[in-house]
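Notes follow the structure.
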Ligand SMILES: [Zn+2]
């Protein structure tokens, strides 16, 4: 559909413009093309919105925070590749590979939180490798200051997971699409503070 096409194109322009602003036109376009290739390989659609998390990897579309457009290049790449890893995970293990974390009974909270932390730290690790590769390729010498999940504990995640588990049960959310939509609503609502990257 034409309308959709323009919408996607304008989101691509936002990303491209932000990268060019940081790196200049020549280098910016080269790096943007590399990033675009990574997104296209996974067939990931994305859009920028005012959300309180840095990113929200819904199954159908990746929502990125508007604030990323003003991040330094290393920080922008780190968040982008962190979120992209979730799509590698969706493609490899299935869209609902993380569903049980949110719908298991509350007694399993410890192992659920541990599992989420593991998924997130895998995304951080993968992202760090990918970002370093592209920073080096394009001779960008700044370093990344986003710490991701490095300093977060399973206990910290458990609080948010419990909140989601309880709401999911109350609202009858049973699919990963429902859960992701709910999490997206949480991060879209500025009154609810969710400080972790998802
Ligand atoms: Zn994540």
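Bear in mind that the values in this text are calculations on the coordinates, not laboratory data. In this text the structure is predicted, and so the values were computed from the model without any measurement. Note that each Cβ is placed from the backbone with ideal geometry, even for glycine, and that neighbours are counted across all protein chains shown.
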May I ask you to order 132-139, 11-18 by the average number of other C-beta atoms within 10 Å around their residues, highest value first? 11-18, 132-139
Relative contact order of segment 97-198 (C-alpha contacts under 8 Å, at least 6 apart) in percent is 39 percent
Once both axes come from the Cα atoms, what is the angle between helix 154-171 and the longest principal axis of the chain, in degrees from 0 to 90, rounded to 10? 70 degrees
Tilt of helix 25-41 relative to the longest C-alpha principal axis of the chain, in degrees (0 to 90, nearest 10)? 40 degrees
Take each of the peptides 156-164, 141-149, average the number of other beta-carbon atoms within 10 Å over its residues, and list them starting from the highest. 156-164, 141-149
Geometric extent, Cα atoms of the chain - Rg, Dmax (angstrom): 17.0, 54
Helix-only [θ]222 nm of the chain, DSSP H runs n ≥ 4, -39500 (n - 2.57) each, per residue, nearest 500: -21500 deg cm²/dmol
With a cut-off of 8 Å between alpha carbons and a minimum separation of six or more residues, what is the relative contact order of segment 2-197 in percent? 24 percent
